[in-house]
Structure formats: structure tokens, C-alpha cells
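One structure below.
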Amino acid sequence: MDTNKVSRILKSMEEKGIPQMIISDPVAIFYLTGKWIAPGERLLALYLNVNGNHKLVINELFPQEKDLGVELVWYNDIQDGVEILSQFVEKDKPMGIDKTWPARFLIRLQELGGGSKFINGSPIVDYVRMIKDEGEKELMRISSKINDKVMEELIPWVGKGMTEKELEAKVRELYAAHGCEGLSFDPITAFAKNAADPHHVTDDSKGKYGDCVVLDIGGFKDNYASDMTRTVFLGEVSERQKEIYNIVLEANLRGIAAAKPGNRMCDVDLACRNYIEEKGYGQYFTHRTGHSIGLEDHEFGDVSSVNEDIIQVGQCFSVEPGIYIAEEGIGVRIEDLVIITEDGCEVLNDFTKDIIVVPFEG
């Protein structure tokens, strides 16, 4: 296991009075062991104890050739994995359980008296994962540089008469060509009124001259996600579209300026939101300003008006204000990722935020 990451989790467990914890989320297990294990419906449980004696309970269907740095406890399909787990927990002490552990396993452990009480331990892992170490920061930079290239290569295709689904297929092709393992999420390639739907599901629509086009894309490189949104225009950009675009751009820049240690996550949201409201478009900014990102596209720690958590060095999150006016067929979003530094933030996306008009080929 990664001793530094495990030590941070054990320290937090001690501080919160949780002497033992079960981690079942495959992403968190990868974070600590460097090994992806997809157990399906079967039990997978990493048991951590502040006094040591860590165990990974795993089904025999998932043989491990590499030393994961933790003792492996095996069971098979005709054994009760939870009962085996219960044999080495401290039944007279509180037990932390993560949010992804299926109720059928938790209830069974409760029946076996596997702890004096059961506590949601997920915030411990979530807050540790929220602060990226130097290796993770570099992987986030590399992933985002690839995202810049994919965006640059994608935009010329926007004017070639493709449907949204065809454009989405091109996105997938480009990430594969750049050596990505997959996409961080289903891309949004939305024309006109569809661009005014922040989470539009790609369909068979085609763009027309004068449309705005929202491109929200991201991929996984070496297990770390990228995410970026740019809005471009087909053939021409109207004065109305320019007005909306420039307001969103200024909101994006104000949010980035507020992304620094000591500020609160809500300060970043409000830097964007207050400006958009000041310009008279508050009702058209319908979502939070951002989300944390790393091994998953959406991780714990959102950038919203109600999140008063203090921003810390090493956090990585998106700043993505938008204005969506469905009745006018206008949707504009601009999204960048930032890593918090000692004196501010590092913006991971270098791709231009200048207005781009894509030649329209019909």
C-alpha cells in the first residue's frame, strides 16, 4: 500500500475517534494499493486499524500476482466473506464504514456484532483524497494537456455537418489516439437549444449556421481524469452571443481568481454567480460552479454556494460557470481545472478561451 496515503487516513481516523474502518470503494482501494479490483456483487473489503493488522478480504476469483502491501484474506463463493472479516475486527470498538458498502454486507456484519457502533467513515477517505500529492498533480497536468490537444483537434469537426452523436464518436476516437484508457464521462457535444441544457444527452441533432456549440469533454490518462468545456460558434457569432460569452468568460476568470488557499469553496462559486447576477442573468446560471476531480471526474468537495469548507493547497477542482437561455437557443459554458497552490492556483487548461468561430460546411 502507499504508506503516505495510508498514514494520512490513519491519522484522520485517530483524530475522529474511529479506531477501525472498512473501505470497499474500488476507487479508494486503488488509491491506497495501486490495484484496480472490480468485485461485482462479491465482497471486497480493506480493513484498516489504527494499531495495524490491516487486511484485504478478497474473493479467490481475483488472484493477485503483485504484492499489494497488505495481508490478503481469501474466501470463495461458498463461504461467508463477512463472517471471515468479522473474525479479526475489534467488536468492542466503533467501526467506520464507507458509503459504497452494500447494505447486505453491513447488516450481516451488524448481526455478527462487528463493532460497538457503526459510523460513516467515508469523509475520512474523501478529505484525504481531496488533497493531491505531487505525483497526482503531475498526472492531472498530463491528463489535462492531452485534453487541450483533443479539444484543438475536435473543434474543426464541429462545422462538418456531423450529428451530435457522430461528433461524440469523434471525441472517443481522439482520446484513443492520444493513448487514454477511456473517457471521464459521456461527452457533451450540443448544438443551439441543446447547448442550453447543461447536461444534454447527445442525440441526432445537427448544427446550423449561427449556432453556439457546447463541447464538454474529458478523458482518463494513467487513471487520472481531465475535464474541460469550451463554447464555439458555427459560421458567425451574433452580438447577443458575444455578450453572453463575455459575461461567462469574466465569471470564469473571477472564479479562478478566488480559487486560493484560505478562501472557502463557496467564495469561488459566489465570485462567478454574483457577477452573472449583476449582469442580469442569475436565473440562467442553474448549477453549482464546479466539482473536485482526480481518479473520478466528480469527487467529494463541490464548488457551490453552500460549501463553506476552506480551500487547501493540493485541491483540484473545476470552475465552470454558464448561462443557458433555452428560449433563445443560447447556451455558453467555460470550464477549466485548477490545482490550489501556496499563493493561488495553477490553471491546468491552456486551450484558448477567445471566441472561436468555426467555418460552417453544412
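Quick notes on this structure:
- The residues of the range 273-313 that are in a strand (DSSP E or B), within 22 Å of VAL248 (Cα to Cα) and open to solvent by less than 20 Å² (accessible area, probe 1.4 Å), listed by number, are GLY290, HIS291, SER292, VAL303.
- Single condition LEU48 does not satisfy, out of (1) within 14 Å of SER122 (Cα to Cα); (2) touching a residue at least 60 places away in the same chain (Cβ under 8 Å): (2)
- Residue list for the range 56-78, restricted to those being outside any loop (DSSP other than H, G, I, E, B), free of Cβ contacts under 8 Å to residues at least 24 places away in the same chain and either within 14 Å of ARG42 (Cβ to Cβ) or acidic (Asp, Glu) (or both): ILE58, ASN59, GLU71, VAL73, TRP74
- ARG104 passes every criterion in (1) open to solvent by 30 Å² or more (accessible area, probe 1.4 Å); (2) more than 21 Å from ILE58 (Cα to Cα); (3) outside any loop (DSSP other than H, G, I, E, B); (4) basic (Lys, Arg) apart from (2).
- Residue within the range 177-194 that is farther than 22 Å from ILE293 by Cβ, open to solvent by 20 Å² or more (accessible area, probe 1.4 Å) and free of Cβ contacts under 8 Å to residues at least 40 places away in the same chain present: yes
- The residues listed here are ARG8, ARG42; of these, the one that is within 24 Å of the chain's Cα centre (by Cα) and open to solvent by 20 Å² or more (accessible area, probe 1.4 Å) is ARG8.
- Figure legend. Inter-residue proximity from the range 150-175: first residues surrounded by fewer than 21 Cβ atoms within 10 Å (Cβ to Cβ), second residues among the basic types (Lys, Arg), beta-carbon distance below 6 Å, spacing 6+ or different chains. Indicated pairs: TRP157/LYS170; THR163/LYS206.
- Residue check, ILE119 in contact (Cβ under 8 Å) with a residue 24 or more places away in the chain, touching a Gly at 6+ places or on another chain (Cβ under 9 Å), closer than 29 Å to LEU43 by Cβ and part of a strand (DSSP E or B): yes
- Within the range 257-297, the residues that satisfy the criterion of being free of Cβ contacts under 8 Å to residues at least 60 places away in the same chain, among the hydrophobic types (A, V, I, L, M, F, W, C) and under 27 Å from VAL125 (Cα atoms) are ALA258, MET265, CYS266, VAL268.
- Residue in the range 79-86 that is open to solvent by 20 Å² or more (accessible area, probe 1.4 Å), touching a residue at least 12 places away in the same chain (Cβ under 8 Å) and of a type outside the set (A, V, I, L, M, F, W, C) present: yes
- Residue check, THR352 open to solvent by 10 Å² or more (accessible area, probe 1.4 Å), under 27 Å from TYR284 (Cα atoms) and at pLDDT 95 or above: yes
- Residue that is farthest from VAL357 (Cα to Cα) [pool: residues in the range 241-272 that are outside any helix (DSSP H, G or I) and open to solvent by 10 Å² or more (accessible area, probe 1.4 Å)]: GLY262
- Exactly one residue among ASP222, ASP211, ASP203 is touching a Leu at 6+ places or on another chain (Cβ under 6 Å), over 24 Å from THR289 (Cβ atoms), loosely packed, with under 15 Cβ neighbours inside 10 Å and of a type outside the set (Phe, Trp, Tyr), and that residue is ASP222.
The values are calculated or read from the model by the stated rules, or taken from the named source; none is laboratory data. Computed from a prediction, not measured in an experiment: that's the story for all the values here. Heads up, the Cβs are rebuilt from the backbone with ideal geometry, glycines too, and the neighbour counts pull from every protein chain shown. Ligands, DNA and RNA are stripped out before the accessible areas are found, and what is left, the full protein with its side chains, is counted by its heavy atoms. Shrake-Rupley method; radii C 1.70, N 1.55, O 1.52, S 1.80 Å.
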